[in-house]
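Scroll down for the structure; my scribbles are underneath it.
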Amino acid sequence: MNKLIIKNVMFILIFLTNLTVFASEINITTDNLRCDESSGKINANDNVVIHWDGKKISASSAELDINKKTMHAEDVFICFLNCSPKIFMQSKSIENQEENIFIVHDMKLSNCDLNKPHTYVKSKRGKLLLGKRITVYNPVFYIGKMPIFYLPMITKSLNGDKSFFSDLVFNFEPGYSDGEGVTLKTALSFPLNNDFTCEAKYDWLGKRGHGYGAKIDYATDGAKGNICAYTSKDLLGDKNKEHRYKQRWMLTEDYFHKLNDTWIIRSEARLMSDRDFNKISSKNSSEEGLNFLPASISITRQDHNVNLVVDVERNVIYDDLAKDYKISSLKLPKVVLSCHPKNISMGIVHNPSFQYENSYEQHSPGKKFYRQGGWLGNSLAKNFIFGKRLVLKTDLKATINCWDRNNLGDFAFASYARYGGSLNARFRAATWMDWNILYSYGARTKPNCFDIDTSANDYGTEINTISLTNTMYIKDSTIIRNATKYRMLRNRERVPDRWSPIVTEIIWTPEKLVTLYARGAKLIETSRMNSCNFDIQFGRYEKHYFNLGILYQNYDCKQDSDCKQDSNNCKIGSVFGFGTLLKSKLRLDYNARITSFGTTHEHEFKFCLILHCYNINVGVKFRKPGPDWRVSGFYCACNMKM
């Protein structure tokens with residue numbers, strides 16, 4: 001390879017062999033070079049590779065003006081290796097405006113190999129700042145050869161920082177359900193800067209109309225938080241009211257800030273227009289029909305000795321009669337001081353604690369008011385070890401509660417005490433068997449007195465139980481556990497149940513990829529099997545798995561008001577599922593649920609394609625609530641990254 005160092009060019013050179021040029025901190029390798037000293041221009045053709053400020057630029061041809069320090073290149077390809085993931089750019093031409101600032105024409109940008117990219121962005125114009133970022137104007141996003149959507153601008157960071165509108169993640173989820181028909185849920189998330197990330201949502205809810213919202217996340221050293229708002233105009237409205245539509249909304253906030261090793265600030269809030277909001281907008285079925293909305297802010301001080309928490313709480317519950325949320329309690333404030341357990345003498349560990357609160361809540365039926373008070377308590381614990389087989393754990397507790405009002409709201413200072421304890425004996429009967437016997441007792445005194453409140457319905461005794469547990473270890477793969485409880489409580493209004501069901505659990509793990517769990521509960525007094533469930537799983541969820549679960553339930557009509565005496569009270573349900581990787585990127589999952597009551601059958605198929613640039617999840621649900629099958633739901637969720 002020929003090499004030429006250009007300092008003061010006095011003539012025109014034309015070479016038809018490989019040549020390298022160094023000038024103005026630019027390194028050029030090419031097959032054909034032409035230099036003109038009079039104009040200060042350098043023309044390179046055929047297999048041009050330009051090294052500019054540590055970046056490698058490949059092109060079919062390039063023209064450099066040494067005097068003006070400008071460059072123009074055709075058919076350019078650049079790979080930015082310092083990014084995670086890597087960024088590949090291809091353009092028809094680039095030219096620099098200023099040092100390290102280039103205008104890019106007819107460009108294609110992707111995280112995939114540009115020969116066969118899964119996803120990419122095309123645009124007529126962009127701006128490249130070497131070593132900092134690349135900005136694309138009016139880009140169109142493609143999957144394969146299919147255009148998907150348009151954006152006014154995107155920015156990709158080239159040095160790891162999160163610049164505005166870079167690292168885009170676009171989600172769209174078309175679906176179908178019985179109540180709403182065809183739906184489409186979309187979300188676009190992008191960083192605002194290194195600390196803030198924004199997510200914008202727009203959902204077409206089929207027959208219900210549409211909804212939109214936004215979420216802002218904050219994360220930095222020692223602090224994180226988010227605020228989310230969403231609203232929708234439900235065209236189906238409220239069936240219990242006359243108007244045809246209902247405006248539904250939701251607002252949530254979470255914040256955590258660790259000021260230093262001692263002080264922490266936390267806050268959370270959740271507001272919602274009505275209980276049915278999540279049934280329409282939430283993807284998390286566990287949040288549907290929320291009856292409880294918390295809101296609080298707290299300051300915590302913690303060190304090696306004590307924890308101090310000062311908290312302001314507001315709790316709201318859903319009122320079925322009023323069909324609206326009502327305030328259930330307020331704590332203005334709530335102060336909790338707890339000490340870490342300490343050994344005071346001869347292995348005796350004490351743990352004092354204190355709580356004060358000014359609370360507004362329902363202290364008796366129909367009575368809501370503020371009252372101040374709290375409690376002061378302490379506990380003593382000690383372990384006694386007798387050889388290698390027997391361990392006794394003792395625990396004594398006592399608390400004093402004081403309030404400025406009684407339960408009727410009258411200003412009358414009242415105090416009462418609670419005290420009790422427990423004795424736990426753990427005996428190693430054999431190398432493969434443990435017996436555990438726990439006795440617990442708790443009593444309550446009369447107001448402003450230290451005598452037990454024997455005039456109450458429970459005779460002042462809140463806890464008086466013996467718990468028995470037997471655990472057997474068979475080899476290293478099997479654990480069998482039997483447990484029950486006997487209550488020695490009295491009550492003037494009803495006869496309490498003495499024996500709890502005896503519960504037997506079996507856990508069997510013969511291999512790493514096999515787990516079996518069985519549990520049965522039997523009533524001792526009637527010798528009736530109350531419930532039984534069985535679950536077995538093979539494999540790992542990440543690759544291949546199979547699971548089967550069976551549940552048997554025998555309802556007691558004396559305890560269940562909804563149970564009909566003449567009905568079949570034995571119910572059986574089962575779940576079944578498997579998943580497998582069809583290829584390294586494609587996965588199939590199947591889940592089914594079958595119950596004897598109502599002859600309900602549900603089946604769900606899910607396909608998932610996982611690539612480095614996007615994920616696609618497709619699912620369909622079949623349901624048989626009666627004699628006929630029908631499709632109860634369909635969704636297709638796509639998560640794309642740019």
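The values are calculated or read from the model by the stated rules, or taken from the named source; none is laboratory data. Here the structure is a predicted model, which is why all the values come from computation and not from measurement. For neighbour counting, all protein chains shown are included, and Cβ atoms are generated from backbone atoms with ideal geometry for every residue, glycine included. Side chains included, ligands, DNA and RNA excluded: accessible areas come from the protein's heavy atoms. Shrake-Rupley method; radii C 1.70, N 1.55, O 1.52, S 1.80 Å.
Counting only protein heavy atoms and a 1.4 Å probe, the chain has 59 square angstrom of accessible area per residue. Charge tally around Ser359: other residues with Cβ under 12 Å, Lys/Arg +1 each, Asp/Glu -1 each, net +1.
With K and R counted +1 and D and E -1, the other residues having a Cβ less than 12 Å from that of Thr509 yield a net charge of 0. Karplus-derived 3J(HN,Hα) values for region 613-623, using 6.51 cos²θ - 1.76 cosθ + 1.60 with θ = phi - 60°, are 10, 6, 10, 10, 10, 10, x, 9, 10, 10, 9 Hz; glycine and proline are entered as x. Using r as the Cβ-Cβ distance of Asn343 and Asn378, and R0 as 25 Å, what FRET efficiency do you calculate, to the nearest 0.05? Rounded to the nearest 0.05, the efficiency is 0.95.
Residue separation times 0.36 nm, minus the C-alpha to C-alpha distance between Arg301 and Lys132: what's the value? List each step's numbers first, then the result.
Working: separation 169, 0.36 × 169 = 60.84 nm, distance 4.18 nm.
Going from the current span to full extension adds 56.7 nm.
For region 172-191, there are no residues whose amide N sits under 18 Å from a probe point set 7 Å from the Cα of His601 along the beta carbon direction. In order along region 130-136, the Karplus-derived 3J(HN,Hα) couplings, from 6.51 cos²θ - 1.76 cosθ + 1.60 at θ = phi - 60°, round to 4, x, 10, 6, 10, 10, 10 Hz, and Gly and Pro are given as x. Remark: the Lys583-Asp106 segment gains 168.2 nm on full extension, using 0.36 nm per residue and subtracting the alpha carbon distance.
Here Asp36 and Ile216 are evaluated by their C-beta separation; at R0 = 60 Å the FRET efficiency comes out at 0.60.
At 0.36 nm per residue, and after removing the present C-alpha to C-alpha distance, how many nm does the segment from Ile466 to His350 gain when stretched out fully? Let's see the in-between values first.
Numbers: separation 116, 0.36 × 116 = 41.76 nm, distance 2.41 nm.
Computed gain between Ile466 and His350 is 39.3 nm.
Model label points for Thr515 and Ile502, set 7 angstrom from Cα along the Cα-to-Cβ axis, are 2.8 nm apart.
Listed values for region 94-109 are Karplus-derived 3J(HN,Hα) couplings in whole Hz (6.51 cos²θ - 1.76 cosθ + 1.60, θ = phi - 60°), namely 9, 8, 9, 8, 10, 5, 6, 10, 10, 9, 10, 10, 6, 9, 9, 10, and x replaces Gly and Pro.
What is the chain by shape, rounded, prolate or oblate, if you read a ≥ b ≥ c off the alpha carbon gyration tensor as root eigenvalues and call it rounded for a/c under 1.5, prolate for a/b larger than b/c, and oblate otherwise? Working shown, then result.
Numbers: a/c = 2.21, a/b = 2.01, b/c = 1.10.
Prolate, because a/c is 1.5 or more and a/b exceeds b/c.
Charge tally around Trp375: other residues with Cβ under 10 Å, Lys/Arg +1 each, Asp/Glu -1 each, net 0. With a Förster radius of 41 Å applied to the beta-carbon distance between Cys198 and Ile317, the computed FRET efficiency rounds to 0.80.
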